[in-house]
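Engineer: Take a look at this one; I'll ask things after.
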């Protein structure tokens, strides 16, 4: 697009087109990392860990020195020691956050002492994005810093490309202004000029240097196509142009125009209200034309609609943030879910040994609910950043609504009037049921927070047929609209509403991930989210999900299963490199009546299978393991050489790099009942479970 604009503009007043090429890209981007620690040994150690091509490590031995460095340079990330004399890390972080230029630089706290929740919360409140505890694990520190370096470089690339585009347009404008001096040649080419200009999203204008107000005399009809106003509308009122500039941009634009006679040219970017009531971004390039004696004669300028470019920049930035969050989450998900497997598995085993002790059972139940909430949060983070596949099924939206509405009413409180309206015969959709319910609950909780004095929450479900030319691909969709009567959002907040970690709530009241998760879930379902909001009127969030032509599956009952022994006389081989996870799995299986053999790698499991293949009915194996054979490799070997043995793979994080095809997968952390049910399905055993009510568990998972 930039190259084409250069061709056309350079040829407006001549018989041939000339190409104004873009400036070559600058050298690779150097990312600077600031490391602040009062101990020189720590500075040397961190510098050794982080040193790499294209990265410059800047060190500071005090808070004051760090602040001077921040004033001098831009940094991709700041590693800040918490305990320092005179000025501690919390105070330094707050000062860095209060300076606009450095307010968005990621800050990682380094600490060996303040590991409790209170100090961690204090660090996040001061502006930190992460904690690294000493002694520092080099691989973890470098992985975290690499993410922020990558994000910094992508952001800097966007800025450089925008700068190149501005330079290119200025070059084209200078070429154009020089050609205007040849008035006789320009008149001979007026017809050719008009044809070319009509085909571009560019409008040319002149303005008098004597007028107090900036009245624009547009020289072509393109302005009507771009803004909806005819050229004469800009001359009817002296303040017509300035009155439609966005309030936040107006003072800046008018101040920059005051320097036009002194500087000779100015490049402005601002939002301007068009005839259809929509604000669009414009690049306004203006130069001062002088007569033969050097006196100012008139201003000549060009309007260029850059709305699409701005949207692309925002989309790229949003995608970069999602990628950064996804990489960070994926890096810790496997180990985190392994730890949760140990916690949940031991709680399941403990529950059996304390039956009858009501107080202990209540504490175990609370611990289990919290552990499952952590597992759900990790799963949603992976899902919204597209690092984990959704577990989709075809559902009837209206069959979920009664129980979901009841749960919402308990969660939202008595001062919120929640209701559902729906078309008849709403089409089924294919989604992850848990993620879909969590998305609606997230929207409901956000609506509640926007109505502190109470109000109405209305969920509307309708069928929608989308034609071509809309933001969505043509087809049939189910629209779920969540409307509240709350305080609404300003345009600035509305523009950032789906950004990860962006929140308008008080510190500690929100993570800024709720709407980001909704956005990621809908995108992964090939749908779309739209937001409408007006301050003091309310907000409507519309979710469009593709129609499924399959029959809806039956909704699961709101019960959990309590496993009872059913594995008597059968043997299972457990393959897991993590000793704690392996111990929990073997204990759970033995409690179900199975005989259990253990292996800590795929290679060891293969040797055991050669010796005892006739005794083993099923292999329970982790996906990621050391050695030559991964869990997937082991499963393929068993399918080839021992087809009578069933295989069930487990994993805390699966990034899709390996193809599972017909293999069976159980995500960690899992309950004993989940494992029992999966084994029953694979081994075709009769069900041996009993039901218990878990309405309290569902409520806790949402709260």
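Engineer: Taking strands (runs of 3 or more DSSP E) that fall entirely within segment 502-566, which contain at least 1 residues that are within 30 Å of residue 587 (Cβ to Cβ), modelled with pLDDT under 55 and touching a strand residue (DSSP E or B) at 6+ places or on another chain (Cβ under 7 Å)?
Structural biologist: The strands (runs of 3 or more DSSP E) meeting that bar are 559-563.
Here's the yes/no breakdown for (1) under 27 Å from residue 238 (Cβ atoms); (2) at pLDDT 75 or above; (3) surrounded by fewer than 18 Cβ atoms within 10 Å (Cβ to Cβ):
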residue	(1), (2), (3)
172	no, yes, no
180	yes, no, yes
192	no, no, yes
195	no, no, yes
204	yes, yes, no
210	yes, no, yes
216	yes, yes, no
220	yes, no, no
223	yes, yes, no
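Engineer: Something else about it: Enumerate the helices (runs of 4 or more DSSP H) found wholly within segment 625-703, keeping only those where 2 or more residues are crowded, with 19+ Cβ neighbours inside 10 Å and at pLDDT 85 or above.
Structural biologist: Fully inside segment 625-703 and qualifying: 631-641, 672-683.
Engineer: I'd like to check something: does segment 130-137 contain any residue that is under 25 Å from the mean Cα position of the chain (by Cα) and touching a residue at least 60 places away in the same chain (Cβ under 8 Å)? It would help to see each step written out before you state the result.
Structural biologist: Restricting attention to segment 130-137, the residues satisfying the condition of being under 25 Å from the mean Cα position of the chain (by Cα) are 130-132.
Add one more test, that the residue is touching a residue at least 60 places away in the same chain (Cβ under 8 Å), and what stays is none.
The answer is no; no qualifying residue exists.
Engineer: What strands (runs of 3 or more DSSP E) completely inside segment 258-321 contain at least 2 residues that are surrounded by 18 or more Cβ atoms within 10 Å (Cβ to Cβ) and within 30 Å of the chain's Cα centre (by Cα)?
Structural biologist: Working: elements: 265-273, 279-290, 296-305.
Counting at least 2 such residues, we get 265-273, 279-290.
Engineer: Go through segment 349-373 and give me each residue that's under 24 Å from residue 565 (Cβ atoms) and either free of Cβ contacts under 8 Å to residues at least 24 places away in the same chain or exposed (fewer than 13 other Cβ atoms within 10 Å of the Cβ) (or both).
Structural biologist: 350, 351, 352, 353, 354, 355, 356, 357, 360, 361, 364
Engineer: Quick one: residue 45 ticks every box in (1) closer than 22 Å to residue 90 by Cβ; (2) at pLDDT below 90 except a single one, so which number is it?
Structural biologist: Going through the list (1) closer than 22 Å to residue 90 by Cβ; (2) at pLDDT below 90, residue 45 breaks only (1).
Engineer: On the basis of being part of a helix (DSSP H, G or I), in contact with a helix residue (DSSP H, G or I) (Cβ under 7 Å, 6 or more places away or on another chain) and under 23 Å from residue 52 (Cβ atoms), does residue 151 make the cut?
Structural biologist: yes
Engineer: Would you pick out the residues in segment 438-457 that are part of a helix (DSSP H, G or I) and within 25 Å of residue 537 (Cα to Cα)?
Structural biologist: Selection gives 439, 440, 441, 442, 443, 444, 445, 446, 447, 448, 449.
Every residue, every condition in (1) at pLDDT 85 or above; (2) part of a helix (DSSP H, G or I); (3) surrounded by 16 or more Cβ atoms within 10 Å (Cβ to Cβ), yes or no:
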position	(1), (2), (3)
407	no, yes, yes
419	yes, no, no
426	yes, no, yes
436	yes, yes, yes
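Engineer: If you take the residues in segment 109-143 that are at pLDDT 85 or above and touching a strand residue (DSSP E or B) at 6+ places or on another chain (Cβ under 6 Å), which one is surrounded by the fewest Cβ atoms within 10 Å (Cβ to Cβ)?
Structural biologist: Within segment 109-143, the match that is surrounded by the fewest Cβ atoms within 10 Å (Cβ to Cβ) is 141.
Engineer: Regarding residue 80, is this residue within 23 Å of the chain's Cα centre (by Cα) and assigned to a strand (DSSP E or B)?
Structural biologist: no
Engineer: Now, a different point. Free of Cβ contacts under 8 Å to residues at least 40 places away in the same chain and exposed (fewer than 14 other Cβ atoms within 10 Å of the Cβ) - does that describe any residue in segment 75-85?
Structural biologist: Scanning segment 75-85 turns up no residue that is free of Cβ contacts under 8 Å to residues at least 40 places away in the same chain and exposed (fewer than 14 other Cβ atoms within 10 Å of the Cβ).
Engineer: Could you give every pair whose Cβ atoms fall below 8 Å, whose first residue belongs to segment 29-41 and is free of Cβ contacts under 8 Å to residues at least 40 places away in the same chain, and whose second residue is part of a loop (DSSP other than H, G, I, E, B), counting only separations of at least 6 or pairs across chains?
Structural biologist: Cβ pairs passing all conditions: 30/54; 40/61.
The values are calculated or read from the model by the stated rules, or taken from the named source; none is laboratory data. Fair warning: this is a prediction, and the values are worked out from it, not measured in the lab. All Cβ positions, even for glycine, are placed from backbone atoms using ideal geometry, and neighbour counts span all protein chains on display.
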